[in-house]
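Before any comments, here is the structure.
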Amino acid sequence: MAMQPKPIPIQDTDSSPFWKGCRQGVLRIQLCEGCGRHVFYPRSVCPHCMSESLVWINAKGVGTVYTYTVVHRGFGPFQDEVPFTMALVDLDEGVRMMTRIVDAGDGIHIGDRVEVVFCERDDGVVLPYFRPVLIEANGR
């Protein structure tokens with residue numbers, strides 16, 4: 001049976017700066033000029049104050065694992081990649097992202113510090129994954 005192609009992320013007006021940043025190796029999120037809060041996933045209206053004044057900023061690209069799961073039964077185009085780890089990561093800027101964890105060796109744990117790493121798929125799509133941070137500059 002032929003392998004199904006992986007889904008290609010939709011790049012629309014709201015999300016294209018995010019995907020362009022990924023291709024450049026930069027994790028970009030939005031900042032609301034109305035209330036000063038960070039926003040992710042990309043959108044045209046702030047979910048906190050309903051302002052349409054959202055600007056793009058470069059995130060630090062580090063955060064903390066909020067929760068995770070190890071996928072052991074893949075489906076469709078992902079069936080040959082199991083096991084892999086999916087996680088919710090709280091970025092230092094205060095937004096939460098769903099992502100894949102890579103290079104975790106013996107595993108990942110809730111509360112672990114992680115940093116972004118950009119992975120290019122065979123079809124050219126660049127995705128932000130996260131890997132454990134060994135030692136941060138502040139010694140954590």
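So here's what we get for this one:
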| quantity | calculated |
| --- | --- |
| Single residue of the range 8-33 satisfying the filter (more than 17 Å from LEU127 (Cβ to Cβ) and touching a strand residue (DSSP E or B) at 6+ places or on another chain (Cβ under 8 Å)) that is surrounded by the fewest Cβ atoms within 10 Å (Cβ to Cβ) | GLU33 |
| Filtered residues of the range 75-122 (kept if free of Cβ contacts under 8 Å to residues at least 40 places away in the same chain, under 15 Å from ARG28 (Cα atoms) and assigned to a loop (DSSP other than H, G, I, E, B)) | ASP92 |
| Top-ranked residue in the range 97-124 [being in contact with a Pro (Cβ under 9 Å, 6 or more places away or on another chain) and among the small types (Gly, Ala, Ser); ranked as modelled with the lowest pLDDT] | GLY105 |
| Residue count for the range 22-50, restricted to those that are of a type in the set (S, T, N, Q), in a loop (DSSP other than H, G, I, E, B) and within 18 Å of the chain's Cα centre (by Cα) | 1 |
| Condition check for ALA87: at pLDDT below 95 and surrounded by 15 or more Cβ atoms within 10 Å (Cβ to Cβ) | no |
| Single residue of PRO128, PRO42, PRO132 found to be in the same structural domain as TRP19 (by TED's automatic domain parsing), within 22 Å of GLY25 (Cβ to Cβ) and modelled with pLDDT of 95 or more | PRO42 |
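The values are calculated or read from the model by the stated rules, or taken from the named source; none is laboratory data. Predicted, not measured: the structure shown is a model, and the values here were computed from it. With ideal geometry, Cβ positions are generated from the backbone for all residues, glycine too; neighbour counts draw on all protein chains shown.
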